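What follows is a set of notes on a single structure, which appears directly below.
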Amino acid sequence: MLSLATLSSLSLARAAAPKYSNEFLSVGVGARALGMGGAVAAAAAADASAAYWNPALLLSLQPERSAALMHAAYFAGVAKFDFAAFACRLDSATAAAATLTRFGVDDILQTTDLIDKDGNFSYDRLSYFSTADYAFTFSLAKSTKIAGRALNVGANAKIVYRNVGKFAAAYGFGVDVGASCRAGSWSFGVMLRDITTTVNVWTYNAGALEIPPYVMPSGDTIANSAPAARTEVTLPKATLAAAYSARLGREFSLLAELGVDITTDGQRNVLISTGWLNADPKLGLEGSYKNMVYLRAGINNAQRISDFDNKSRLTVQPNMGIGLSFMGFALDYALTNIGSVGVAAYSNIFSVSYGF
């Protein structure tokens, strides 16, 4: 009965959920990871940003504490994306982390007060507001054993706050779970985002949104009313990943990782898409010299787009990055969608981390 009730609830949530919800949590964090196309859920996330990609990887922290910061600008600097994280090993089998994510657009011109109730224009009433999405996450990872083999598991408990100036706000809560294991040179990872579904509850400021009806000289009527409070459901998404690491002599090493994001919220424009299941693969490579200098490359975001002559073609998003690591400090840079080959605009991403 419990299984039937769970399946029934998930089916109802899927029917009511929008296809894209809390998408700011799907952008990805860390220049190292984004330079590899986001293919990092099995092994490549090795600092505090691991809490985002797969909390089970927090047990791979070396040294035992890590702090990370990232800043990125999108759409020619219109949108700002910032991430901060701190992670630490509590003991040999436990690790924890706390992260803060913000994606926002600031200094948006507010024109709702431009016209008063008598139809008079006054530019002195113009003002500015910001719209931003926030997520605060607590993470915990634990080392276990299954059939004699080490298996790391982790979970995120996240609080979401979304704000549209004084007009609307939403609060949400959700849970992610992840797992990782190693077998020689191979590493494997599984990340289940929003496993409980994440529900945002929106409320609206009627006083700020509602405009009394006003008849323009042209005869058109201007009016605006606030919508009713509503909920927005984010459905689960899975990431499966496998990585292979190899030493190339005494000073060089190579890491390759393949990941695939799986969604079941309706057909998406990804490489593998059906009416009920979508698979979006990504591949990342990282070469290092003496664990100090890093070169990275990755591809992701494979989509089919139509040209002006209605011919369909497949596009992928190429990414690259470099990194420097010295005395616990790591400075990383990524250029995503090189040459705007894919459908997204290119972005410059910087991040820094410190392990101690």
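Remarks
- Test for Asn152: is it assigned to a strand (DSSP E or B) and within 27 Å of Thr94 (Cβ to Cβ): yes
- Boolean, Phe129 is buried (at least 17 other Cβ atoms within 10 Å of the Cβ), out of contact with any helix residue (DSSP H, G or I) (no Cβ under 9 Å at 6 or more places or on another chain), in a strand (DSSP E or B) and of a type in the set (A, V, I, L, M, F, W, C): yes
- Hits in region 245-277 (condition: closer than 19 Å to Phe188 by Cα and within 24 Å of the chain's Cα centre (by Cα)): Leu255, Ala256, Glu257, Leu258, Gly259, Val260, Asp261, Ile262
- In region 290-339, residue nearest to the chain's Cα centre (by Cα) [restricted to those that are over 30 Å from Arg250 (Cβ atoms) and among the acidic types (Asp, Glu)]: Asp307
- So Ala241, is it hydrophobic (A, V, I, L, M, F, W, C) and within 30 Å of Leu331 (Cα to Cα): yes
- Here region 234-257 is the region considered, the condition is being surrounded by 15 or more Cβ atoms within 10 Å (Cβ to Cβ) and not aliphatic (A, V, I, L, M), and the residue that is modelled with the lowest pLDDT is Thr234.
- Out of Ala56, Ala73, Ala98, Ala48, sole residue that is surrounded by 17 or more Cβ atoms within 10 Å (Cβ to Cβ) and either acidic (Asp, Glu) or not in a loop (DSSP other than H, G, I, E, B) (or both): Ala56
- Among residues of region 121-148 that are within 30 Å of Ala183 (Cβ to Cβ), those with a Cβ under 6 angstrom from a residue that is of a type in the set (Ser, Thr, Tyr), sequence gap 6+ or separate chain, pair up as Thr137/Thr99; Lys142/Thr94.
- Within region 293-319, being touching a Leu at 6+ places or on another chain (Cβ under 9 Å), surrounded by fewer than 17 Cβ atoms within 10 Å (Cβ to Cβ) and among the hydrophobic types (A, V, I, L, M, F, W, C) holds for Val293, Leu295, Ile305, Leu314.
- Residue, nearest to Ala46 (Cα to Cα), within region 288-306, restricted to residues that are in contact with a Phe, Trp or Tyr (Cβ under 7 Å, 6 or more places away or on another chain) and part of a strand (DSSP E or B): Ser288
- Which listed residue, of Ala157, Ala170, is assigned to a strand (DSSP E or B), at pLDDT below 95 and of a type outside the set (Lys, Arg): Ala170
- Filter pass, Ala179 being out of contact with any Pro (no Cβ under 8 Å at 6 or more places or on another chain), at pLDDT 95 or above and either over 22 Å from Lys80 (Cβ atoms) or in a loop (DSSP other than H, G, I, E, B) (or both): yes
- The residue of region 150-181 that is surrounded by the fewest Cβ atoms within 10 Å (Cβ to Cβ), among those that are closer than 22 Å to Ala256 by Cα and without any contact (Cβ under 8 Å) to a residue 40 or more places away in the chain, is Ala150.
The values are calculated or read from the model by the stated rules, or taken from the named source; none is laboratory data. This one's a predicted model, so the numbers in the text were calculated from it and none came from an experiment. Note: ideal-geometry Cβ built from the backbone for every residue, glycine included; neighbour counts use all protein chains shown.
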